[in-house]
Amino acid sequence: MNSITGHTRLTALLGSPVAHSISPLMHNEAFRQLGLDYVYLCFDVTEDTLPSAVSGLKSCGIRGFNLTMPNKNKVVELLDELSPAAKLIGAVNTVVNEDGRLIGYNTDGIGYMQSVKDAGYDIIGKTVTIMGAGGAATAISAQAALDGVNKLHIFARRTSRFWERTRALVDNINATLSCRAELHDNDDKEALKNAIGESALLLNATSVGMAPNTDASIIDDTSLFRKDLIVSDVIYNPRETKFLRMAREAGCPVFNGMYMLLYQGAEAFRLWTGQEMPVEHIKKMFFDE
């Protein structure tokens with residue numbers, strides 16, 4: 001275990017729920033491996049308590065923190081500056097405290113695209129369907145478009161408070177990148193069928209199916225699954241969601257959000273410490289089964 005000293009710098013995860021997170025394990029082991037006097041803790045913080053939590057941590061001189069559901073969008077209004085990617089996406093998952101100025105970044109998209117490669121798949125130049133309009137969904141959509149995915153179908157609830165922000169992202173992608181993006185209502189079952197039918201990869205980027213609500217699935221029609229459709233979930237607790245289990249049983253190749261967590265965390269680690277996380281060591285300790 002890391003020794004706590006009078007010089008120890010604090011990093012943390014703010015979200016709800018967070019008790020299941022393996023982020024403290026990977027960050028604290030990385031600090032130990034590199035001999036860095038840092039510690040990483042989890043705090044159960046909701047959107048309602050986020051403003052006071054951020055203010056208190058800033059006053060205490062926290063070096064930086066991660067955001068997970070439901071705080072990736074709300075935190076934007078509490079920060080002093082956003083990176084270009086975070087500004088485009090409208091969501092932040094990593095904050096760095098630079099002498100009292102809180103700067104927001106988004107490393108989710110980088111983490112997810114690296115996790116696709118790690119799983120052995122190449123989706124560049126292909127079509128992808130993404131379920132969700134929250135922080136993770138928009139980050140992945142933006143990075144996929146930047147990396148060269150040919151077409152994106154994004155599905156969200158039209159009543160979602162993030163609908164207009166996602167619409168703006170889609171318009172931005174179409175105006176500035178070669179990727180074609182389309183936004184659909186979750187209730188448009190015909191559009192969902194057609195989108196999945198032409199997609200190489202289907203991703204659940206929502207919290208549907210995450211512990212403790214493991215009986216839920218973002219897709220309930222198993223006829224949409226086919227054996228050459230890659231199916232992915234940003235959730236890693238449980239490691240196999242109902243969504244992934246249904247897809248696997250239908251013969252689809254599947255992978256979860258474990259390596260996305262690893263690689264987005266590695267980028268956050270670099271932003272806080274200026275050093276590279278020992279990724280292969282962390283992977284062997286906490287991710288490989």
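The values are calculated or read from the model by the stated rules, or taken from the named source; none is laboratory data. Note that the coordinates shown come from a computational prediction; the quantities given were computed from them, not determined experimentally. Backbone-built Cβ (ideal geometry, glycine too); neighbour counts: all protein chains shown. Side chains included, ligands, DNA and RNA excluded: accessible areas come from the protein's heavy atoms. Shrake-Rupley method; radii C 1.70, N 1.55, O 1.52, S 1.80 Å.
Filtering region 196-215 down to residues that are part of a loop (DSSP other than H, G, I, E, B) and open to solvent by 40 Å² or more (accessible area, probe 1.4 Å), which residue is nearest to N150 (Cα to Cα)? Checked region 196-215; the qualifying residue nearest to N150 (Cα to Cα) is E198.
For R270, indicate whether it is at pLDDT 95 or above and assigned to a helix (DSSP H, G or I).
On the way: at pLDDT 95 or above: yes; assigned to a helix (DSSP H, G or I): yes.
Judged against the criteria, R270 is a match.
Inspection of region 233-243 finds a residue satisfying the criterion of being aliphatic (A, V, I, L, M), at pLDDT 95 or above and in contact with a helix residue (DSSP H, G or I) (Cβ under 7 Å, 6 or more places away or on another chain).
What residue, among those in region 80-93 that are more than 19 Å from R161 (Cβ to Cβ) and in a loop (DSSP other than H, G, I, E, B), is nearest to the chain's Cα centre (by Cα)? Only one residue tops the list, namely S83. Does D80 fit the bill of being closer than 23 Å to N213 by Cβ and either among the acidic types (D, E) or in contact with a Gly (Cβ under 6 Å, 6 or more places away or on another chain) (or both)? Against the criterion (closer than 23 Å to N213 by Cβ and either among the acidic types (D, E) or in contact with a Gly (Cβ under 6 Å, 6 or more places away or on another chain) (or both)), D80 does not qualify. In the set (1) aliphatic (A, V, I, L, M); (2) under 15 Å from the mean Cα position of the chain (by Cα); (3) crowded, with 22+ Cβ neighbours inside 10 Å, the condition left unmet by V18 is number (3). Of everything in region 94-119, what is within 15 Å of the chain's Cα centre (by Cα), open to solvent by 10 Å² or more (accessible area, probe 1.4 Å) and in contact (Cβ under 8 Å) with a residue 40 or more places away in the chain? Give them in sequence order. Those that are within 15 Å of the chain's Cα centre (by Cα), open to solvent by 10 Å² or more (accessible area, probe 1.4 Å) and in contact (Cβ under 8 Å) with a residue 40 or more places away in the chain: Y105, I110, Q114.
Quick check on my filter: what residues within region 128-172 are assigned to a loop (DSSP other than H, G, I, E, B) and either surrounded by 15 or more Cβ atoms within 10 Å (Cβ to Cβ) or of a type in the set (V, I, T) (or both)?
Quick first cut of region 128-172, residues assigned to a loop (DSSP other than H, G, I, E, B) only: 132-134, 148-150, 157-162.
Within region 128-172, G132, A133, G134, V149, N150, T159, S160, F162 meet the criteria.
Looking across region 220-231 at every residue that is of a type in the set (A, V, I, L, M) and touching a helix residue (DSSP H, G or I) at 6+ places or on another chain (Cβ under 6 Å), the one that is surrounded by the fewest Cβ atoms within 10 Å (Cβ to Cβ) is identified as L224. Checking A30, A12 one by one, the residue that is surrounded by 20 or more Cβ atoms within 10 Å (Cβ to Cβ) and in a helix (DSSP H, G or I) is A30 and no other.
Note on region 46-93: among residues that are open to solvent by 30 Å² or more (accessible area, probe 1.4 Å) and among the hydroxyl-bearing types (S, T, Y), the one that is farthest from G15 (Cα to Cα) is S59.
For region 259-266, the count of residues that are more than 19 Å from T11 (Cα to Cα) and open to solvent by 30 Å² or more (accessible area, probe 1.4 Å) is at least one. Just to be sure before I move on: is E276 at pLDDT below 95 and not in a strand (DSSP E or B) in the structure I sent? For E276, the condition - at pLDDT below 95 and not in a strand (DSSP E or B) - is not met. Would you say F243 is among the aromatic types (F, W, Y) and in contact (Cβ under 8 Å) with a residue 60 or more places away in the chain? Taking the combined requirement at face value, the residue does not satisfy it.
In the set (1) out of contact with any helix residue (DSSP H, G or I) (no Cβ under 7 Å at 6 or more places or on another chain); (2) without any contact (Cβ under 8 Å) to a residue 60 or more places away in the chain; (3) more than 30 Å from T11 (Cα to Cα); (4) open to solvent by less than 30 Å² (accessible area, probe 1.4 Å), G125 fails one condition alone, (4).
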